[in-house]
Amino acid sequence: MARWIYVIGALLVTVTFSFFLFYSVRAFNLTPDRPSASYKAPDYRFVLVTEEVNNDYWRLVEKGARAAAEKYNVSLQYTGPKQANFDEHRKMIEMAAASKVDGIIAQGLNEEVSPALINQVSEKGIPFLTIDTDAPESKRVAYVGTDNYYAGFLAGQALLKDTEGEVRVGIITGRFDSANQKLRVDGFKDAIKDSDRVKVIAIDESQITRIQAAEKTYEMIKAFPDINAFYGTSALDAIGIVQVLESIGMTDRVYVIGFDTLPETIQLIEQGKLEASVEQKPYQMGYDAVELMVQVRKGEKVSPYHHTMTNVVRQQDFTQTEAMTPGGMKQQ
């Protein structure tokens, strides 16, 4: 009996290990199982590791990256944690490096850990390109994305322009330990620092989820009844903020500015429930990142900074027929 238990246990270990090997190969070596006669092997294999794999914002980044990958004959693996988790994010980068891909595109999430991780990857001869969030102290080859400090500064300027009288602001930020979120908060604070009528009275984190954004908003309103403005620094924050304001009948009394132009965000702006949002270009980020990595692999010299366009959008910037389609912004 003991012998059979040993044999079965050994078989289970073998099967488990086989599945692990299969997954690793499938995850980072994206060639067809049975190549057709017209199949052309990719020139490069890149991995795009995102903060949260099913987040609408990151899906737009993926869409742009895949468009560039198709143009340049690149095999692109899109991966990331199901929910924002730095440890999982780091492990996926390490797995990609271990599989010896030709390039890794990912965020510089943590100011303390990211540089060391990026340097380890770079020292293996794998170029690392940061996207959305930079790690300028690392050996990354370049950064593609928003100038996050400037984006936060634009948000602060917009609030000053759009409001009158005393303004008490609550900030809902994605994560306290996220470099890009910190920069968006810093830029906002610097934009309003010389104004006597605007003051930040509370700040909390949403963990980049709509539910947490809504919960923190409700807690702030209870703790600070004089709040009359909110600033959300990650894509789902403003949506969660507005959800709470609607439920307690305060939409018309509280100014809200958020980040990104997801379809639901645009709808809220059109309905007048969200006053403004900072528009980024996630599709362009993805496209430019892959294009830039191809240039790096070809030995071309590239600039270390590639900032994509950022601006503040309001209700008048959209039309009813164009709002839900890519490129639906009116040209200014």
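For the modelled label position 7 Å from the Cα of residue 162 along Cα-to-Cβ, which residues of the stretch 202-230 have backbone nitrogen atoms closer than 13 Å?
Once the point is set 7 Å along Cα→Cβ of residue 162, 229-230 turn out to lie under 13 Å by backbone N, inside the stretch 202-230.
Defining a contact as two alpha carbons under 8 Å apart and six or more residues distant in sequence, what relative contact order in percent does the stretch 173-332 show? Intermediate values should be presented prior to the final figure.
On the way: 211 pairs, mean separation 25.4, N = 160.
Worked out over the stretch 173-332, it gives 16 percent.
Going by C-beta contacts inside 10 Å, put 210, 253, 45 in order with the fewest on the left.
With the fewest neighbours first, 210, 253, 45 line up as 253, 210, 45.
Determine the gain in length on full extension of the stretch residue 70-residue 307; use 0.36 nm per residue of separation and subtract their C-alpha separation, reporting nm with one decimal. Mind showing how you got there, number by number?
Working: separation 237, 0.36 × 237 = 85.32 nm, distance 2.29 nm.
Full-extension gain reported as 83.0 nm.
At a 10 Å Cβ-Cβ cut-off, how would you order 176, 86, fewest neighbours first? Please report the intermediate quantities before stating the final value.
Working: 176 12, 86 17.
Arranged by neighbour count, lowest to highest, 176, 86 become 176, 86.
What order do you get for 159-166, 227-234 when each peptide is scored by the mean count of other beta carbon atoms within 10 Å, highest first?
Details: 159-166: 13.6, 227-234: 26.5.
Packing order, densest peptide first, comes out as 227-234, 159-166.
Setting aside same-chain residues fewer than 8 positions from residue 182, which lysines have a Cα under 27 Å from its Cα?
Cα-Cα hits under 27 Å: 63, 82, 91, 139, 161, 193, 199, 216, 222, 273, 281.
Residue 40 versus residue 186, label points 7 Å from Cα toward the beta carbon: distance in nm?
Using points 7 Å along Cα→Cβ, the separation is 4.4 nm.
So for 182, 40, fewest C-beta neighbours within 10 Å to most, what's the order? Spell out each step's value before the answer.
Details: 182 20, 40 8.
Lowest to highest Cβ neighbour count: 40, 182.
Taking H placed 1.01 Å from N in the peptide plane, check which residues at least 5 places from residue 205 or on another chain put their amide H under 5 Å from its amide H.
Here 173 satisfy the definition.
All of the numbers you see were taken from the coordinates with simple rules; none came from a lab. Being a predicted model, the structure only gives us computed values, none of them experimental. Quick reminder, even Gly has a Cβ in these numbers, built from the backbone with ideal geometry, and neighbours come from all protein chains shown.
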